[in-house]
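> Quick one: structure below, then a few questions.
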Amino acid sequence: MELEEIIRESAHDKINGRDYCAGRGSPLFNNAAQVYSHNLYWNSLRSEEPVGSGMSEEAEDRINRHYGSADGLKTTITLAAKKHFGSGWVWICQHEDESLFVQNTHDAGTPIIDPLVTPLLVIDLWEHAYYLQYKNDRAEYINKLWSVINWDNLA
């Protein structure tokens, strides 16, 4: 099975008579979803800061259509990340109609369980992603990420 299929199939597991759902995932779901999320996270980053915005014209046009500007999208993501309590992720996803939206998930939660949604970018909100360098300042961590975000994922 492909990783995405494992995640979707295990999102509602029943193990030893106990029902699991995506919010309190089974061990298989939690591990598969974390692999998927971390893989996308690393692919959401560039290895070095690009010259200029780092956005292709296609990505910039798409962002402008849905959020007015790159700053509008950054503000939406930053607010979602700052309001998020605990560990998890903030995602930029696309609906089946190709419109963009921002979604938070907790723990191993992932929008990939919805077959009509395609995650395009993700930011890790688990403390292990930022605590050593930024302590409790999640907003500063997010602010520093903008220079290395791989905006091509939105093209």
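The values are calculated or read from the model by the stated rules, or taken from the named source; none is laboratory data. All values reported here derive from a predicted model rather than from experimental measurement. All Cβ positions, glycine included, derive from the backbone under ideal geometry; neighbour counts span all protein chains shown.
> Can you pull out every residue in the stretch 47-83 that is within 16 Å of Ala129 (Cβ to Cβ) and in contact with a strand residue (DSSP E or B) (Cβ under 8 Å, 6 or more places away or on another chain)?
Residues satisfying the conditions are Ile77, Ala80, Ala81.
> I'd like the residue in the stretch 84-94 that is in contact with a strand residue (DSSP E or B) (Cβ under 8 Å, 6 or more places away or on another chain) and at pLDDT below 95 and, out of all such residues, is farthest from Val35 (Cα to Cα).
His84
> Now for a separate question. Working only within the stretch 54-83, note down all residues that are of a type in the set (Lys, Arg) and within 17 Å of the chain's Cα centre (by Cα).
Initially, the stretch 54-83 is screened for residues of a type in the set (Lys, Arg), giving 62, 65, 74, 82-83.
Correct list: Lys74, Lys82, Lys83.
> How many residues are polar (S, T, N, Q) and crowded, with 18+ Cβ neighbours inside 10 Å when one looks only at the stretch 77-103?
2
> Is it the case that some residue within the stretch 55-63 is modelled with pLDDT of 95 or more, of a type outside the set (A, V, I, L, M, F, W, C) and under 28 Å from Lys144 (Cα atoms)?
no
> Next up: Taking only the stretch 114-136 into account, find how many residues are surrounded by 13 or more Cβ atoms within 10 Å (Cβ to Cβ), at pLDDT below 90 and out of contact with any Ser or Thr (no Cβ under 9 Å at 6 or more places or on another chain).
Here the count works out to 4.
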